[in-house]
Structure formats: structure tokens, C-alpha cells
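K.L.:
Please read through the structure below; I'll follow up with questions.
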Amino acid sequence: TTSNEPQMFGHPKGLFYLFFAELWERFSFYGMRALLTLYMVQEIFKAIVERDAATAVVYASYGSLVYASTVIGGQISDKILGMRSSIFLGGVLMALGHFVLAIENNIAFFLALALIVVGNGFFKPNISTFVGSLYEDGDVRKDSGFTIFYMGINIGGFVAPLLCGWLAAAYGWHYGFGLAGIGMLTGLIFFWSGIKKDVFGNRGLPPSVEVYEKKVLGIPQKTLIPILAFLSAPLIAYLLSCWQQNYVSFIFKFIGFAVLAYIIYIMVKLDVEARKKLFMAVLITFFMTLFWGFHELSGSVITLFASRNVDLTGIMNASQTNALNSMFIIILAIPISLLWAYLAKKNLNPRTPYKFGLGLVLAGLSFYILSISGASADENGMVPFAYLFIMYFIISIGELFMSPVGLSKITDLSPKNVVAFMMGVWFLSSAYAFQIVGFISEQLAVESTDVNVGGLDTLSIYTDGFLLIAKYALGAGLVVLAFSPLMKK
Ligand code: GLN
């Protein structure tokens, strides 16, 4: 049991190795993300007039695939590889992706995105499930374990945009992307040292050695899967490069039905209690999708808004504004988890559905703040930085009401043998969110012959859009709050 294992600061020692591994993986992920939209607009698609729209499609397709791949990565881990091998495979693929991105070439660009897509599929769901596995059922420390883990995620998400954004501006894009790759390798070293120091007990090993070693087409599965993973990258790269046809968005509609069908199939086989739990898991995943759909605009439309319409002089560059969300998460994560603990003591801790409703309301409020920034614009159409700052403050509170809570709940609500798969389904909320991001970003795309378009030409396009987003988010939040009493049961 966990209580016999080495502990650190009141948590299983393994948590701290996973903390640093994930910190550095997210460093690479968010360092790259901070550059991605501007890199596409200013480099990859600079020659075309509809560069914003092309960027929107590729960004959304990448984001959708990078999170949807976690369903497959989770499934393969549950059935064949186990969490450890999956995390290694994923980390290697991601690091390679970031290094390929550092090559100055448009074909390399799509291949790099594809490698990150496959890599994240193996890494992200499994490191999250690994955290859950450190605690036994009903261990009260699990929520705070995930809060600590979430801090690690956001330390990476805070530092990386600042460093990569600075490197890219000072020395060139490719230095920024290269640093992201080094970050991922660092994460792998931390994970590996955890295994060497034997802090994980027997967790994360393949579920069955026979299956792991079993030969398919004459090759053991443990070797075959990495080979297939690498081979799938060119295919995904091709899909991503067809932004005009937007195949990915088309495919996602089908995947959506397939996943729903599969969940229903699992549900039918379960007993009533487990079925209710799974239903709840699906419901919170759905609301999470809406929230991320607005939140994940940060890397696309909001980064463009920051670069074109926010007065950042003497503060930071547009890529670096991506650090703000994580900065507020780091500041607020502990106060908010203390707030839940305090309320719980008084028996007032809001149930998960209420937290989710409030989270959406806060997302609406944050976009409302951005939408009114236009009133304070100067004669060049630039708005004060304070609006962006406050916007990130509010939406980060919303995130803390939902994301870490959901992450922890999902490991509780999922039947044991499909827990990594359910983690993948949880991340599907992010995958589908990127379809929302793509849709909104396309609506707010600006066509121009001038790469440096901005100022008065773009201000009202953005502020009008933000107002509309505010209304939708607020509406959705109020609906969830209204139905919360029903879901509590
Ligand atoms: N910021 C969190 C992370 O990187 C959540 C991201 C997401 O699920 N969309 O883990």
C-alpha cells in the first residue's frame, strides 16, 4: 500500500518525480505553443492573404489531434505497453518533434507537429494516470496530489513562453523551438531517474508480459507499437498540411460518434452504480470541452490580439503573454484548494457541477473584460495591457474551478481496467475544444496583403468577437448552474 512506501512532504515520493517530468514536458509543449500561431502567420503562411484562416485551421487541427491521440495512447497503455513504456515512447517522439520544428522548412513543420501529436498521445494521459495510481481508492490526499501536479504543469507553462518567446524574438524562431526540445529531454531524464531510484513500486509495468512480448507479424508488440507510432507521423503530417480541405475537422465528427458509441458499449456491460459514474464522467467532460473551447483561444486569437492590438511596450512580447495563464494558476492553485478544504470543513464545499458552472461563468466574464477594452484604445487601436492581464486572472480562476477537480474526479469515476482510456476521454474535451477554437479563429481571421496588419484595422473584429464569446460562455455557465441540483445525485 502507499502508506508503506517512501513519502515526501506527506505525499508518495513518486509524485515528485512525476511532477518534474510533467513540468518539463509541459515546458516543451507550451514553449512551442506560445510561438506556434505567430510562427505560422509570420513565416509559414506569410505569402498568402488568408494566412489567418490557414493558421486557424492548422492550429485547431494540431490541437485536436494532440489531445485526441491520448485516447489511443491511453488504450494501448491499458492493454499492452503499460504506463512506463508509453511515457518513454511519448517523450522521445515529442522531443524529436520539437527538434524537427527547429529545422527551417515547411515540410519539416508539418512532420514536427505530427510527431508531437503522436508523442503527446503516449505521454500525457499516462503520466496523469500514473499520478492517480500513487494513491489508493479514497485516499484524501489525492486531490491535493493533483493540485501539486497541476502546479508542476503550470510552472512549465509559465517559464517556457517567457524563455522561448524571448529566444525566438532575439535569435530566431528555431532557437525557441530548440529549447522546447531540450525541455522535453530534461523531462525524460527526471522520469528515468524516478525509475532508477525505484520510487514507483511495481506501478506502470505492462499489464501482461505475454501480451507485451506477443509477436504480431513476427515482431513483439513492445517493438511493433513504437514502429507504428513513428510510421503514423507522415500520415498525420499529410492531414495537417491539407488545411484547405480541413480533413481533420471532418474526421473529428466521425471520431466523436465512434467514441460515444464505444462509451455506450462499455456502459451497457457495467452494473448500475458504475454506469452512473461513467455517465457523470462523460458529462463533466462535455462541460470541460466548452470551457477549453474558450480558454484555448489564448494560443491563437488572443495571441494575435496581443500582437496586433495590445500595447505591450516595455512589458513583454506577444508570445510571452502566453505565460500569464500559468502564472495565475501558480499563484492561485493553493489558495483555491485551501478554500475548498475550508468550505469542506464547514460542509459547504460546492459539488463538482456547481464548480463547473461557476468556471464557465468566469470564462464569460473574462471575455467580457477583453471585449470592453476597445473603449480604452489609443488612436492606433492599441488597448492597455491591464485588460489582458485581468482577463487571464479571471479565466485562470475558472480553470482552477474545473480542470484539476475534473482530473482527479475522472480517476475516481473510471473502472480500474479502463482508467487510462478514460483519461484519454477526459482529454477529448481538449481535443474537441480545439474544433471550437478553429471555428472561432476562422470567424475572426483577417485577410490582408500586409503581414503586419493590426491596429485600427483589427480592433473591432476582435472586441466584437470577444463579446459574442462572453455571451455564449455566460449562457452555458448559467445552464449548468441551473441543472446542478439534478446532477448532484
Ligand atoms: N493546462 C493543462 C495541461 O496542460 C490543461 C490542458 C488541457 O487539458 N487542455 O495539462
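K.L.:
Could you check, for the stretch 132-148, whether at least one of its residues is farther than 24 Å from ILE251 by Cα, part of a helix (DSSP H, G or I), within 13 Å of the ligand (Cβ to nearest atom) and touching a residue at least 60 places away in the same chain (Cβ under 8 Å)? If you could, list the steps in order and put the result at the bottom.
P.N.:
Quick first cut of the stretch 132-148, residues farther than 24 Å from ILE251 by Cα only: 132-148.
With part of a helix (DSSP H, G or I) added as a condition, the list becomes 132-133, 142-148.
Among the residues that remain, those that are also within 13 Å of the ligand (Cβ to nearest atom) are: 146-147.
From what's left, touching a residue at least 60 places away in the same chain (Cβ under 8 Å): 146-147.
Checked the stretch 132-148: at least one residue is farther than 24 Å from ILE251 by Cα, part of a helix (DSSP H, G or I), within 13 Å of the ligand (Cβ to nearest atom) and touching a residue at least 60 places away in the same chain (Cβ under 8 Å).
K.L.:
Same structure, new question: Is it the case, given these coordinates, that TYR67 is crowded, with 24+ Cβ neighbours inside 10 Å, within 16 Å of the ligand (Cβ to nearest atom), under 30 Å from ILE440 (Cβ atoms) and at pLDDT below 95?
P.N.:
Yes; evaluated as a whole, the condition is true for this residue.
K.L.:
List every residue pair whose Cβ atoms sit under 7 Å apart, with the two residues 6 or more apart in sequence or on different chains, where the first one lies in the stretch 196-222 and is on the phi < 0 side of the Ramachandran plot and the second, anywhere, is in a loop (DSSP other than H, G, I, E, B).
P.N.:
That search, which allows pairs on different chains as well, returns VAL199/PRO6; VAL199/LYS13; TYR212/PRO206; PRO220/LYS214; GLN221/LYS214.
K.L.:
Restricting the first residue to the stretch 270-287 and requiring it to be under 27 Å from ALA433 (Cβ atoms) and touching a residue at least 40 places away in the same chain (Cβ under 8 Å), which pairs with a second residue that is outside any helix (DSSP H, G or I) and among the hydroxyl-bearing types (Ser, Thr, Tyr) meet a Cβ separation below 9 Å and a spacing of at least six or different chains?
P.N.:
LYS277/SER414; LEU278/SER414; ALA281/SER414
K.L.:
A follow-up question, please. Among GLU50, GLU25, which is at pLDDT 95 or above, within 16 Å of the ligand (Cβ to nearest atom) and of a type in the set (Asp, Glu)?
P.N.:
Result: GLU25 is the single residue among GLU50, GLU25 that is at pLDDT 95 or above, within 16 Å of the ligand (Cβ to nearest atom) and of a type in the set (Asp, Glu).
K.L.:
Is there a residue in the stretch 417-440 that is more than 22 Å from the chain's Cα centre (by Cα), without any contact (Cβ under 8 Å) to a residue 40 or more places away in the chain and assigned to a helix (DSSP H, G or I)?
P.N.:
no
K.L.:
Could you please give the count of residues in the stretch 303-355 that are of a type outside the set (Val, Ile, Thr) and closer than 25 Å to PHE389 by Cβ?
P.N.:
28
K.L.:
Turning to a different aspect of this structure: Which members of the stretch 406-429 meet the condition of being more than 12 Å from the ligand (Cβ to nearest atom) and either closer than 19 Å to LEU360 by Cα or not aliphatic (A, V, I, L, M) (or both)?
P.N.:
Residues satisfying the conditions are SER408, LYS409, THR411, ASP412, SER414, PRO415, LYS416, ASN417, PHE421.
K.L.:
Among TYR368, TYR392, TYR432, which is of a type outside the set (A, V, I, L, M), at pLDDT 95 or above and within 16 Å of the ligand (Cβ to nearest atom)?
P.N.:
TYR392
For every residue, the table says whether it meets (1) at pLDDT 95 or above; (2) assigned to a helix (DSSP H, G or I); (3) within 16 Å of the ligand (Cβ to nearest atom).
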{"position": "LYS253", "(1), (2), (3)": "no, yes, no"}
{"position": "ILE263", "(1), (2), (3)": "no, yes, no"}
{"position": "VAL268", "(1), (2), (3)": "no, yes, no"}
{"position": "PHE291", "(1), (2), (3)": "yes, yes, yes"}
{"position": "PHE305", "(1), (2), (3)": "yes, yes, no"}
{"position": "MET316", "(1), (2), (3)": "yes, no, no"}
{"position": "SER337", "(1), (2), (3)": "no, yes, yes"}
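K.L.:
Here's something else I'd like to know. Look through the stretch 207-225, keep the residues that are among the charged types (D, E, K, R) and within 16 Å of ARG84 (Cβ to Cβ), and return whichever of them is farthest from the chain's Cα centre (by Cα).
P.N.:
In this case the residue turns out to be GLU213.
K.L.:
Quick check on MET40: is it touching a Cys at 6+ places or on another chain (Cβ under 8 Å) and in a helix (DSSP H, G or I)?
P.N.:
no
The values are calculated or read from the model by the stated rules, or taken from the named source; none is laboratory data. Everything numeric in this text was worked out from a predicted model, so none of it was measured. Because the Cβ atoms are built from the backbone with ideal geometry, glycine has one as well, and the counts that use them run over all protein chains shown.
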